[in-house]
Amino acid sequence: MVFTRDDCSRHRWNQRNRELAQLGATVHTCSRNESELNQSLRQWITKGYIVTGSLCDVASRADRQDLITRVSSQFNGKLNILVNNVGTSIQKPVLDYTEEDFSFLVNTNLQSAFHLSQLAHPLLKASEAASIIFISSIGGVVSINIGSVVYSATKGAINQLTKNLACEWAKDNIRTNCVAPGIIRTPTVDEYLKEEKIVNAYIRRTPLGRFGEGKEVSSLVGFLCLPAASYITGQTICVDGGFTVNGLYIS
């Protein structure tokens, strides 16, 4: 299998790699940061996980092609699981977005996942029972914050990509599902949560009354890749403590 990522998702990237490795998967992962990649690989190998990695910027078409070529060679032309775990954002009012901002977000968040899925299709089909997992966001389901318009649009597109690939590729025994996290505690997000106004607003709308943990997302990713989930496809599942289904919550 292969994991793709961007730097803003590094904590969840680690969690999901570890989750699948613990379940016995042979993992190939990638990063733009060589020192971070090597550090993570050393930790996982020390724990006995079967994990390899390579440098890749998934915003680069050439890098994406090189990554899948490497994976094909390493896994003898077959791939059971593809997890598209890339995401970044530019926070600003919509009128301040430039054409470059828009193109960067669409390429990084949407085009990379679409293209990697295209490239990986022959490998996934060859495995005869494959699973693609996209990582979206509750921002692709509901409006979450002023300044996230383009980010949210790319994540909404990922949700729709999930549905369409599930229908088109079912004949090839490829399932596609999407995990849409809410606010999940990571070192990067903890900085964001120093703003009391944001914390109070989110908690007030969340029936479970707290933020999520990385393991609560990675465990769902792991489950969706198992034979136990073999009849689940085309779904976008929110991991958000009930935030997106809450009409009126009175504590």
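The values are calculated or read from the model by the stated rules, or taken from the named source; none is laboratory data. Keep in mind that what you see is a predicted model, and the values were worked out from it rather than measured. Cβ coordinates were reconstructed from backbone atoms using ideal geometry, including for glycine residues, and neighbour counts include every protein chain displayed. When the accessible area is computed, the model is the full protein with side chains, heavy atoms only, and any ligands, DNA or RNA have been set aside. Shrake-Rupley method; radii C 1.70, N 1.55, O 1.52, S 1.80 Å.
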ask   = Between GLU191 and GLN39, 0.36 nm times their residue separation minus their Cα-Cα distance comes to what?
value = 52.4 nm
inquiry  = Using a 7 Å offset from Cα along Cα-Cβ at ASP96, what residues in region 118-161 end up with backbone N under 17 Å from the label point?
reply    = 145-152
request  = With a bin width of 10 angstrom, please list the P(r) values of region 95-149 as percents of all Cα-Cα pairs, from the 0 bin to the one holding the largest distance.
outcome  = 18, 38, 27, 13, 3
inquiry  = Nearest 5 percent is fine: what portion of the DSSP beta bridges confined to the chain is antiparallel?
reply    = 0 percent
FRET efficiency estimate (nearest 0.05) - Cβ-Cβ, ILE198 to VAL106, R0 30 angstrom = 0.70
task = Straight distance only, please: which lysines reach the Cα of LYS194 with their own Cα at less than 28 Å, same-chain residues fewer than 8 apart left out?
result = LYS92, LYS155, LYS215
query = Taking the alpha-carbon centroid of each part, what is the distance from region 167-194 to region 79-93 in angstrom?
reply = 8 Å
message = Is there a quick way to get the dipole size of the chain? I mean about its Cα centre, with the Cβ of Lys and Arg at +1 and of Asp and Glu at -1; what is the value in debye to the nearest 20?
response = 640 debye
message = Over the Cα atoms of region 146-248, each weighted equally, I'd like the Debye log10 I(q)/I(0) at q = 0.15, 0.25 Å⁻¹, rounded to two decimals.
response = -0.74, -1.38
inquiry  = Working only with C-alpha atoms, what are the Rg and Dmax values of the chain, expressed in angstrom?
reply    = 17.7, 55
note = GNM on the chain, Cα springs under 10 Å; top mean-square fluctuation among ALA201, ALA157, ALA129 goes to ALA201
ask   = Ordering VAL51, VAL245, VAL142 from largest to smallest accessible area (1.4 angstrom probe), what's the sequence?
value = VAL245, VAL142, VAL51
task = Find the accessible area per residue for the chain; the probe is 1.4 Å, ligands and nucleic acids are left out, and the unit is Å².
result = 49 Å²
remark   = ASN145 and SER230 label points (each 7 Å along its Cα→Cβ direction) are spaced in nm at 4.1 nm
request  = Report in % the part of the accessible area of the chain that belongs to carbon and sulfur, leaving out ligands and nucleic acids; probe 1.4 Å.
outcome  = 53 percent
remark   = With SER148 itself left out, Lys, Arg at +1 and Asp, Glu at -1 over residues whose Cβ is under 14 Å from its Cβ give 0
task = Output ³J(HN,Hα) for region 25-32: one whole-Hz value per residue in order, computed from phi by the Karplus curve 6.51 cos²θ - 1.76 cosθ + 1.60 with θ = phi - 60°, and x for Gly and Pro.
result = 6, 8, 10, 10, 10, 9, 7, 7
inquiry  = Taking the Cα centre as origin and putting +1 on Lys and Arg beta-carbons and -1 on Asp and Glu beta-carbons, what dipole magnitude results for region 123-212, to the nearest 20 debye?
reply    = 220 debye
message = From the phi angles alone, apply the Karplus equation (6.51, -1.76, 1.60; θ = phi - 60°) to region 54-62 and give each ³J(HN,Hα) in whole Hz, x where the residue is Gly or Pro.
response = 8, 6, 6, 9, 5, 6, 9, 4, 5
ask   = Once the Cα gyration tensor of region 69-167 is diagonalised, what are the square roots of 5 times its eigenvalues, in whole Å and ordered largest first, as equivalent ellipsoid semi-axes?
value = 30, 14, 9
key: Set of lysines with alpha-carbon distance to LYS78 below 20 Å, sequence-local pairs under 8 removed   = LYS125, LYS171
